[in-house]
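The values are calculated or read from the model by the stated rules, or taken from the named source; none is laboratory data. Remember, predicted model here, so these are calculated numbers, not experimental data. Note that each Cβ is placed from the backbone with ideal geometry, even for glycine, and that neighbours are counted across all protein chains shown. These area figures cover heavy atoms from the full protein model, side chains too; ligands, DNA and RNA do not enter into them. Shrake-Rupley method; radii C 1.70, N 1.55, O 1.52, S 1.80 Å.
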Amino acid sequence: MKPAQGENEMHHAKPTRRALLRIAALSAAAALSSAAKAQAPAGSLEKVTVAGWSKPITEVMPLLVEEDKGFYRAQGVALSYVPGAGGGDAIRNILSGQADVAFTDPGSLFAALDKGEKLRAIYDIYPQNVFNVVALKSSGITRAADLKGKRIGVYSLASGTRQNLLVLLQQAGLKESDVTIVVTGLLNFAPLLQGQVHATAATDTGLAIGRRRGLGEVNVIEVRDALNVSSDLFVVRDEVFRQRKAALVRFLRAYRDAAAWMIAQPEDAARLAARRAIDGSDPALALDIVRLRNASTVSPRTQREGLGAMDLASLQAAADTYHRLGLIQRPLNMAEVVRADLLPGH
């Protein structure tokens, strides 16, 4: 399947440094212009807890540098982070009340909506699809159809790696039962090298880590070539959306400031990763990861509207694809789910 055409189509070309800086400046200016309206009273910080899909790793640096940069305090927010093992974990943590905001992938969102959960998507973290499936050159696996009968690693059964793998399989006319899915954890290239799996579902940053650690020559099947949709969103329960709008507005302004900082100062973000991220000990690798995440943070839409801009048409196309392929059981109306009115500048 080709990516949806028109307004929601994403470009695969890597953004230039100048384009990234322009987008960062646009986002920062929009946030600063209205910051005074959202500021909490001095000395009064409102707690906002984010449920992540991962442990505190380099690619979520905008959520890890509060002690160093104070982006959230500046907006009257006391930030807390709850780690997880996949986007499904993040959703479960907001449904159970352990967190206010889920950092999750569209597939996990669709699955929860399919079960009747009342959720709202409020910010597009990564407008580009960064998921892939990786196999060693020697395997002969070059396309999704070659995965039939193979063992394939995923981060967890609740992760975007599994959801996107299922999209690839369905596009090739395969079912989940046509392969053996193996949970390998985040550092999932060791099982590939050791022959425990024939291929592994990963992300662009996961692949960068693998290559730094001697992965060697590989074939990469990009999921975006089948379905190019956002990789991650901020999602909240409808009750939280209705009752805590002011706090969510301040949180999103702070996150966009943090993301704009990471785009404008990738070297600074990589340096702080050594202190704040569990995988930040290799400065060169940390910088690679920061730059990959910066590239996935932007799109033609964010160039016009600022970081976090929501693309309803793209998410609806993805939800329709998940339904058509049988990954969810009922059609979803994403216009009832996507809410852009909390974004900075709205």
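Observations
- Scanning region 46-65 for residues that are closer than 19 Å to ALA264 by Cα and among the aliphatic types (A, V, I, L, M) yields a total of 5.
- Among the residues of region 287-316, the ones that are open to solvent by 10 Å² or more (accessible area, probe 1.4 Å), under 18 Å from the mean Cα position of the chain (by Cα) and of a type in the set (Asp, Glu) come to 1 in all.
- Condition check for ARG256: among the basic types (Lys, Arg), over 16 Å from PRO106 (Cβ atoms), without any contact (Cβ under 8 Å) to a residue 24 or more places away in the chain and in a helix (DSSP H, G or I): no
- Odd one out for THR297 among (1) at pLDDT below 95; (2) among the hydroxyl-bearing types (Ser, Thr, Tyr); (3) under 16 Å from LEU63 (Cβ atoms): (1)
- Matching residues, region 169-200, being without any contact (Cβ under 8 Å) to a residue 60 or more places away in the chain, open to solvent by 10 Å² or more (accessible area, probe 1.4 Å) and of a type in the set (A, V, I, L, M, F, W, C): ALA172, LEU174, VAL179, ILE181, VAL182, VAL183, LEU187, PHE189, ALA190, LEU193
- Any hit, region 148-158, residues being open to solvent by 20 Å² or more (accessible area, probe 1.4 Å), modelled with pLDDT under 95 and farther than 19 Å from ALA319 by Cα: yes
- Members of region 47-100 that are assigned to a strand (DSSP E or B), within 19 Å of LEU272 (Cα to Cα) and of a type outside the set (Phe, Trp, Tyr): LEU79, SER80
- Unique match (being open to solvent by 50 Å² or more (accessible area, probe 1.4 Å) and more than 21 Å from GLY52 (Cβ to Cβ)) among ASP268, ASP225: ASP225
- Residue among ALA284, ALA274, ALA319 that is touching a Pro at 6+ places or on another chain (Cβ under 9 Å), assigned to a helix (DSSP H, G or I) and open to solvent by 20 Å² or more (accessible area, probe 1.4 Å): ALA274
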